[in-house]
1. Out of the residues in region 364-389 meeting the condition of being open to solvent by less than 20 Å² (accessible area, probe 1.4 Å), out of contact with any Pro (no Cβ under 7 Å at 6 or more places or on another chain) and aliphatic (A, V, I, L, M), tell me which one is nearest to ALA82 (Cα to Cα).
2. Hey, does region 417-425 have a residue that's open to solvent by 50 Å² or more (accessible area, probe 1.4 Å) and either not assigned by TED's automatic domain parsing to the domain that holds GLU15 or not in a helix (DSSP H, G or I) (or both)?
3. Across region 220-246, what is the number of residues that are open to solvent by less than 10 Å² (accessible area, probe 1.4 Å) and either away from the ligand (no atom under 14 Å from the Cβ) or touching a residue at least 60 places away in the same chain (Cβ under 8 Å) (or both)?
4. Out of all the residues in region 100-115, which are open to solvent by less than 20 Å² (accessible area, probe 1.4 Å), under 24 Å from the mean Cα position of the chain (by Cα) and either closer than 19 Å to GLY317 by Cα or not aliphatic (A, V, I, L, M) (or both)?
5. Residues being more than 16 Å from the ligand (Cβ to nearest atom) and aliphatic (A, V, I, L, M): count how many of those fall in region 251-269.
6. Which of the residues that make up region 119-149 are out of contact with any helix residue (DSSP H, G or I) (no Cβ under 9 Å at 6 or more places or on another chain) and polar (S, T, N, Q)?
7. When region 391-416 is examined, which residues are found to be in a helix (DSSP H, G or I), touching a Ser or Thr at 6+ places or on another chain (Cβ under 8 Å), among the aliphatic types (A, V, I, L, M) and touching a residue at least 24 places away in the same chain (Cβ under 8 Å)?
8. Among THR13, THR20, THR97, THR76, which is the only one that is of a type in the set (Ser, Thr, Tyr) and under 24 Å from the mean Cα position of the chain (by Cα)?
Amino acid sequence: MTDQHPKGGPHITQERRLLTSIPGPRSLELADRKARAVASGVAVGLPVQVVAAGGGIIVDADGNQLIDLGSGIAVTSVGNSAPRVVDAVSRQLAAFTHTCFMVTPYEGYVALAEKLNELTPGTHEKRSALFNSGAEAVENAVKIARSATGRQGVVVFDHAYHGRTNLTMAMTAKNMPYKTGFGPFASEVYRAPLSYPFRDGGRSGGEAARDAIDQIEKQVGAENLAAVVVEPIQGEGGFIVPAEGFLPALVSWCRANGVVFVADEVQTGFARTGELFACEHEGVVPDLIVTAKGIAGGLPLAAVTGRAEIMDAAHPGGLGGTYGGNPLACAAALAVVETIEAEGLVDRARDIGKTMLERLTALQEKDPRIGEVRGRGAMVAVELVRPGSTEPDADLTRRVAAGASAKGMVVLTCGTYGNVLRFLPPLSMPDHLLDEALDLLAATFQES
Ligand SMILES: *Cc1c(COP(=O)(O)O)cnc(C)c1O
């Protein structure tokens, strides 16, 4: 309901409801104000004015209730305004809001670092450092790797997305909209080919890794290379799951050559893929792991966690920031970890994934425009193509996304070619809403 202070979280009735067209009149009013007040570079996917959210539902100012298949880009995995998060942040809010950890520390930061050290892959001794955004944490992982190796080069991959700051723009592959006009970019960033089974003729992971390593050795040289940075499943690039063996081969090469292997798990981390971290699907133990998005239920927080000897290489005072590891965000993150454990959300992500893969694969069998259904856990996508080919169909992708919005669903697109629909439902999504969303999606495909 939309009174003056609508309550989010589990208070919201878990049903889709359309009272107006989407976006409705109040949402359109906000869109109008937005156009006059907010820089146009900050674009909006679906201009509904959100007043509350929780479970699997987003409520707008016109009283519509939409099914959330995006989680604010894989952020609210535990649900919006999840009860443990609300309690923990409220208690922290009443105690103190900020001191700057580098000025006078507090327990939440240290407790979260302990948790991250314990939960991330590998049993080696670890350290963590906290930041505000995924991009900031990726930048810091590079700083740390350079410090530890005394080398400068950074290898990233085709279709990679690592953020919008200067260094992470250089690391990101896609020109439009992320880079165009924003250069010059940071130097010493090199791009290697990725394993992309749908588009590389199904090369094995080992073969794809050999190609990448060959290119790295010829064009950069291990002796110049501080870090290899890779998303275990690419996010913005199109939910690309590399062929089995690709990541382990890269890790072995890095280890043999003194190169820091950095897993960017900003989108894949915290139960999203049906493991706590996506690296675990192939037993990959990264030297450094970067986390953000799902870490704190929507509060801005990011982390770099990794081998103590690498993390401790940066000199005292070399890492940090005014807000990094803000006490409210740390309280939220600790409550997120508690929620994942208490509610069995790793298993829940697997169940959601099973349902989505089954239903979308059945849809693919009837619709040759769905070139591939892929993903792990509650991180699933369909890549849309012209029937019988791998030629991307971005127009169809836009039409299906628009059709889905009109039916009261929030869906996201992605992919280098703009032809991927991605599904990242909150893990608090009840089954009946997930089923309804998949029914509606099938209907949308028929109409598009
Ligand atoms: C979103 C994302 C980032 C950037 O995170 P921000 O918090 O938006 O700066 C980096 N890497 C990956 C894989 C992401 O999905």
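1. MET379
2. Taking region 417-425 as the starting set, the residues that turn out to be open to solvent by 50 Å² or more (accessible area, probe 1.4 Å) are 417.
Checking which are either not assigned by TED's automatic domain parsing to the domain that holds GLU15 or not in a helix (DSSP H, G or I) (or both) leaves us with 417.
Scanning region 417-425 turns up at least one residue that is open to solvent by 50 Å² or more (accessible area, probe 1.4 Å) and either not assigned by TED's automatic domain parsing to the domain that holds GLU15 or not in a helix (DSSP H, G or I) (or both).
3. Within region 220-246, the first condition is being open to solvent by less than 10 Å² (accessible area, probe 1.4 Å), and the residues that meet it are 221, 225-230, 232-235, 237-240, 246.
Right, trim to either away from the ligand (no atom under 14 Å from the Cβ) or touching a residue at least 60 places away in the same chain (Cβ under 8 Å) (or both) and you get 221, 225-230, 233-235, 237-240, 246.
Qualifying residue count for the region: 15.
4. ALA113
5. Kept after step one, since they are more than 16 Å from the ligand (Cβ to nearest atom), are these residues of region 251-269: 251-260.
Remaining after also requiring aliphatic (A, V, I, L, M): 251, 256, 259-260.
Total satisfying the criteria: 4.
6. Correct list: THR123, SER133, ASN140.
7. Applying the first criterion (in a helix (DSSP H, G or I)) to region 391-416 yields 394-406.
Next, from what is left, pick out any that are touching a Ser or Thr at 6+ places or on another chain (Cβ under 8 Å): 396-401, 403-404, 406.
Among the residues that remain, those that are also among the aliphatic types (A, V, I, L, M) are: 396, 400-401, 404, 406.
Passing the criteria: LEU396, VAL400, ALA404, ALA406.
8. On the way: THR13 fails: under 24 Å from the mean Cα position of the chain (by Cα); THR20 fails: under 24 Å from the mean Cα position of the chain (by Cα); THR97 fails: under 24 Å from the mean Cα position of the chain (by Cα).
From the options THR13, THR20, THR97, THR76, the qualifying one is THR76.
The values are calculated or read from the model by the stated rules, or taken from the named source; none is laboratory data. Keep in mind that this is a model prediction, so the values were computed, not measured. Note that we place each Cβ from the backbone using ideal geometry, even for glycine, and neighbour counts take in every protein chain shown. Just so you know, the surface numbers come from the protein's heavy atoms only, side chains and all, with ligands and any DNA or RNA stripped out. Shrake-Rupley method; radii C 1.70, N 1.55, O 1.52, S 1.80 Å.
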